[in-house]
Amino acid sequence: MKIRLLSVVGFCFFLMVGLSWEVGAFDETHIKKLIALDRCPSCDLSKVDLSGANLKRANLTAGNLRHANLSGVDLTRAKLSGVDLTSANLMGANLTGANFSGGNLRHANLTKADLNWAHLNRTDLRQANLWKADLTQAKLSRADLISANLVEANLTWANLPNANLTDADLTGANLKRTNLHFTNLTGVDLKEANLKRTNLKRANLTGADLTGARLSGANLTKAIFCETKMPDGTMNNSDC
């Protein structure tokens with residue numbers, strides 16, 4: 001495996017001199033294993049700095065990467081199911097097709113990250129920062145996105161059935177043709193969002209703000225409206 005911006009030799013030296021890692025923050029043998037084998041399932045890599053690294057198809061299943069710096073990293077099609085990325089920095093990372101199913105990304109920074117085709121089913125994304133992230137065709141079934149920042153995020157064709165987006169901010173987000181069947185959208189901010197041809201069947205829109213949102217062709221069959229602010233600014237209390 002090649003690591004961009006940081007050669008294997010340079011990285012090992014970096015570890016030996018200990019210039020940017022906290023003592024006890026992660027297991028040094030685990031990072032060496034990742035470099036040598038392109039895989040390190042269940043490893044402790046908490047607080048590690050791998051910014052800019054090429055980790056395509058790496059296997060980090062069930063690993064501990066809490067507070068890790070992975071900004072700009074390439075984790076295309078990586079195996080990350082069950083991984084703990086709490087408060088990790090993934091800003092600008094390439095996560096195309098990566099599998100995070102069942103993982104923990106609570107409070108993670110995913111600003112402008114590329115999550116095209118990513119598998120995020122049953123993933124904990126509470127209070128994650130996904131500002132301007134690209135989630136085109138991402139799989140987010142039963143994902144927990146409570147209070148997540150999805151401002152101007154691209155969720156075109158994304159699949160979020162039974163997901164929980166309570167109090168999430170989706171201002172200006174692109175949700176064209178997104179599947180939000182049975183999704184909990186209580187208190188969600190959807191101002192100026194693109195919801196054209198979006199599937200909102202049985203979605204809970206209680207307390208949601210849809211001011212200026214575009215809903216042409218959207219499926220609103222049996223959607224729940226209570227104290228819901230509609231695109232024209234009127235209140236919809238039909239299901240209170």
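The values are calculated or read from the model by the stated rules, or taken from the named source; none is laboratory data. Just so we're clear, the structure is a prediction, and the values are computed from it rather than from any experiment. Using ideal geometry, Cβ is built from the backbone for each residue, glycine included, and neighbour counts are taken over all protein chains shown.
Of note:
- Restricting 101, 87 to those that are under 18 Å from residue 49 (Cβ atoms), modelled with pLDDT of 95 or more and part of a loop (DSSP other than H, G, I, E, B) reduces the list to 87.
- Filtered residue count, segment 48-61, keeping only those that are at positive phi and touching a strand residue (DSSP E or B) at 6+ places or on another chain (Cβ under 8 Å): 1
- Check on residue 72, of a type outside the set (Asp, Glu) and in contact with a Cys (Cβ under 6 Å, 6 or more places away or on another chain): no
- Complete set of residues in segment 136-151 that are charged (D, E, K, R) and either touching an Asp or Glu at 6+ places or on another chain (Cβ under 9 Å) or over 24 Å from residue 77 (Cα atoms) (or both): 144
- Listed by first and then second residue, the pairs with beta-carbon distance under 7 Å, at least 6 apart or on different chains, first residue in segment 198-226 and among the basic types (Lys, Arg), second in a strand (DSSP E or B), are 201/219; 214/194.
- Of residues in segment 137-156 being in contact with a Phe, Trp or Tyr (Cβ under 6 Å, 6 or more places away or on another chain) and not in a strand (DSSP E or B), the one nearest to residue 101 (Cα to Cα): 137
- Single match in 200, 205, 185 (criterion: crowded, with 22+ Cβ neighbours inside 10 Å and closer than 25 Å to residue 111 by Cβ): 185
- Filter result for the condition that a residue is among the small types (Gly, Ala, Ser), within 10 Å of the chain's Cα centre (by Cα) and either farther than 18 Å from residue 189 by Cβ or surrounded by fewer than 24 Cβ atoms within 10 Å (Cβ to Cβ) (or both), over 128, 108: 108
- On inspection, residue 206 does not qualify as in a loop (DSSP other than H, G, I, E, B), under 28 Å from residue 112 (Cα atoms) and under 26 Å from the mean Cα position of the chain (by Cα).
- For first residues located in segment 23-43 and farther than 21 Å from residue 99 by Cα, partners that are assigned to a helix (DSSP H, G or I) and of a type in the set (A, V, I, L, M) and lie 6+ apart or on another chain with Cβ distances below 8 Å form the pairs 28/15; 32/15.
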